[in-house]
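First up is the structure itself, then whatever we jot down about it.
The values are calculated or read from the model by the stated rules, or taken from the named source; none is laboratory data. Bear in mind the structure is a predicted one, so any value in this text is a computation, not a measurement. Neighbour counts run over all protein chains shown; Cβ positions are idealised from the backbone, glycine included. Protein only, heavy atoms only, side chains kept; ligands, DNA and RNA dropped before computing areas. Shrake-Rupley method; radii C 1.70, N 1.55, O 1.52, S 1.80 Å.
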Amino acid sequence: MIELEGLTKHYGEKLAVNNLTFTVRPGIVTGFLGPNGAGKSTTMRMMLGLDNPSAGDVRIDGKHYAQLKDPLRYIGALLDAKAMHGGRSAYNHLLCLAQSNGIPRTRVVEVLDTVGLTPVARKKAKGFSLGMGQRLGIAGALLGDPRILMFDEPVNGLDPEGIHWIRNLMKSLAGQGRTVFVSSHLMSEMALTADHLVVIGQGHLLADTSMSDFIQQNSRSYVRLRSPQQERLLDVLHEAGITVVEAGNGTLEVDSGSPEQLGDLAAAHHLVLHELSPQQASLEEAFMQLTAESVEYHAHTDEPGVPPPVRLPPPPQQQGWGEGWDRTRNKGA
Amino acid sequence: MTTPPPQPAPQAYAQQSAPNWQGAPGTSYTSPIPVTRTHLGHALASEWTKIKSVRSTLWTLGIFLFLVLGGGLFVSAQTEDLNYQDLPFTFPAFIGLLLGQICLITLGVLVTSSEYGTGMIRTTFTASPQRYRVFAAKILVFFAVAFAVSAGSILLVGLLTSSMHSGPEAADLSWGGTVLKGGLYVSLLGVLGLAVGSMLRHSAGAITAMLGIVLLPSILPVFLMISRSTRTLGEKMQEYNAINALAKIFGADGGSTGGSQVWLLVGVTAAAVVGAFALLERRDV
């Protein structure tokens with residue numbers, strides 16, 4: 001279990017982490033979410049005793065990190081994939097870590113096998129791809145068979161197979177009763193792995209909730225309708241007391257009402273439908289909305305009036321540029 | 001950016017304190033691996049693995065050996081028995097050491113600064129939050145390696161030279177002290193580099209700083225001697241600079257055996273190590 005209490009970190013004038021209080025529990029995967037620059041890595045560094053907090057406290061099973069005599073047995077951490085000397089072989093990298101905690105040599109061979117790096121164990125880490133480096137970092141985290149695992153952006157740079165592997169790994173580690181704390185800036189990734197969510201933005205705690213609650217409260221489901229007889233359809237829906245939103249581009253969105261009900265309604269009035277599809281607003285969108293005010297580095301989209309770069313052949317659809325810019329916003333969950 | 005659909009206010013989450021946990025609290029994992037209380041011995045083993053598993057160790061020590069042994073043999077071959085009437089048999093190692101000390105300084109700096117440069121230091125301090133222990137282990141392991149290599153190579157040069165030049169004209173001065181003092185001096189320079197590397201955390205910066213420490217005191221006196229007010233300072237610098245210190249240790253300066261120069265370096269190195277220790281605990285990694 002990891003307990004944070006009023007954890008705060010200043011860098012000069014800049015407040016990186018502000019008064020964070022939450023608990024990471026064993027037996028579940030806790031997702032630590034926030035946009036880039038939200039203070040996730042700083043918080044994790046403070047948890048590991050690498051950075052000194054300006055105020056507040058972090059305790060690992062009731063102890064400060066520096067008080068741990070055999071820390072690798074308590075916490076395994078993947079901070080960043082390249083936190084290793086590139087000139088050292090994978091085996092030697094793990095060996096020096098193992099020796100510093102009195103972990104037997106055989107364990108090094110075991111974890112190399114677990115992460116699938118046995119064939120390149122004697123190769124220098126410098127030549128490793130990002131994914132291999134990530135795997136080596138994970139091997140280091142697993143070395144002490146710790147009861148707490150901390151991963152900072154573990155899926156970065158991994159291929160789909162690797163992502164699948166790490167998801168299952170995290171779930172199985174949590175299933176064994178370990179505490180798993182994983183940071184990410186991808187909500188969709190967290191939705192697949194985490195049981196509990198801690199969301200921060202600009203160093204502030206924005207949410208500390210279970211994943212199912214978060215999904216329930218944030219995933220807006222609705223039905224999308226398209227019809228060549230839109231005016232009549234609108235009338236019919238109004239008569240039935242169904243609120244409808246015109247989403248532009250000839251589509252209607254209905255928040256309340258099942259596709260069956262709406263289809264029957266249209267059929268009863270002899271209306272032609274070109275689309276009748278249940279939709280779910282993505283969690284990604286919910287996350288973006290939650291952190292919208294605390295995103296530090298905004299990308300600015302070009303003004304809609306600015307002509308697009310010359311495109312040949314011209315787009316088949318005859319529509320003004322930027323008109324359908326939000327067409328895809330509700331695609332998929 | 002997208003137009004946000006109607007949503008409950010985000011502040012709602014921060015206030016509620018997650019009532020239903022999905023996991024069963026209290027079912028903590030226990031590992032089958034036996035628990036060990038770590039001590040300095042573990043840190044030493046770890047640092048020994050580290051120093052021997054990087055190429056830079058091989059390169060710096062290889063060049064050092066080439067310079068000291070190669071230079072020693074060369075000088076030894078050029079000298080005659082008569083030269084050793086007032087010089088110890090280890091004197092030929094002196095020329096190689098003048099250049100070779102830079103290799104040991106570089107290795108010393110790299111032992112710490114390369115960890116900062118690569119980010120390895122975060123992994124290291126996560127594995128051993130007792131930073132002073134890691135640093136002490138680094139110093140001990142580096143010093144042992146540097147001293148074994150430097151004293152060993154000086155000894156070898158001494159043995160070779162004595163076998164080549166122990167004719168009746170040579171005075172057969174005792175040279176055991178020069179092996180220890182010479183090895184100690186260059187190894188301490190390396191430890192100083194290690195401490196400076198730990199404080200500056202930057203390989204190139206720390207190596208440059210060390211070259212300044214070694215070379216400037218042998219260049220500056222020329223200018224300091226010009227003015228009367230700085231003359232004493234210039235004289236002291238000339239007497240105690242690294243190059244002159246080695247010359248004294250190897251009897252190239254008559255009379256003096258460089259004892260006070262070694263002590264000065266011991267003092268400077270100890271101060272740098274204390275400084276590095278003090279900064280180590282306070283700074284973020």
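In table form, for the structure just shown:
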quantity: In the stretch B:225-238, residue least open to solvent (accessible area, probe 1.4 Å) [restricted to those that are assigned to a helix (DSSP H, G or I) and touching a helix residue (DSSP H, G or I) at 6+ places or on another chain (Cβ under 8 Å)]; calculated: B:Gly234
quantity: Neighbours by Cβ (under 9 Å, 6+ apart or cross-chain): first from the stretch A:88-103, closer than 14 Å to B:Trp48 by Cβ; second of a type in the set (Asp, Glu); calculated: A:Cys96/B:Glu47; A:Gln99/B:Glu47; A:Ser100/B:Glu47
quantity: Number of the condition not met by A:Met190 [criteria: (1) in a helix (DSSP H, G or I); (2) open to solvent by 20 Å² or more (accessible area, probe 1.4 Å); (3) touching a residue at least 40 places away in the same chain (Cβ under 8 Å)]; calculated: (2)
quantity: Selection within the stretch B:48-69 - small (Gly, Ala, Ser), within 13 Å of chain A (Cβ to nearest Cβ) and in a helix (DSSP H, G or I); calculated: B:Ser56
quantity: Of the criteria (1) surrounded by 19 or more Cβ atoms within 10 Å (Cβ to Cβ); (2) more than 23 Å from the chain's Cα centre (by Cα); (3) not aromatic (Phe, Trp, Tyr), which one B:Leu159 fails; calculated: (1)
quantity: In the stretch A:90-120, the residues that are facing another protein chain (nearest Cβ under 7 Å) and surrounded by fewer than 21 Cβ atoms within 10 Å (Cβ to Cβ); calculated: A:Arg107
quantity: Residue list for the stretch B:210-224, restricted to those being under 16 Å from B:Leu188 (Cβ atoms), open to solvent by less than 40 Å² (accessible area, probe 1.4 Å) and free of Cβ contacts under 8 Å to residues at least 60 places away in the same chain; calculated: B:Pro217
quantity: Residues of the stretch B:248-272 classified as surrounded by fewer than 19 Cβ atoms within 10 Å (Cβ to Cβ) and closer than 18 Å to B:Leu188 by Cα, total; calculated: 10
quantity: Subset tally (residues that are surrounded by fewer than 22 Cβ atoms within 10 Å (Cβ to Cβ), touching a residue at least 12 places away in the same chain (Cβ under 8 Å) and facing another protein chain (nearest Cβ under 8 Å)) for the stretch A:58-82; calculated: 5
quantity: Matching entry among B:Val179, B:Val191, B:Val222 (being part of a helix (DSSP H, G or I) and closer than 25 Å to B:Phe277 by Cβ); calculated: B:Val191
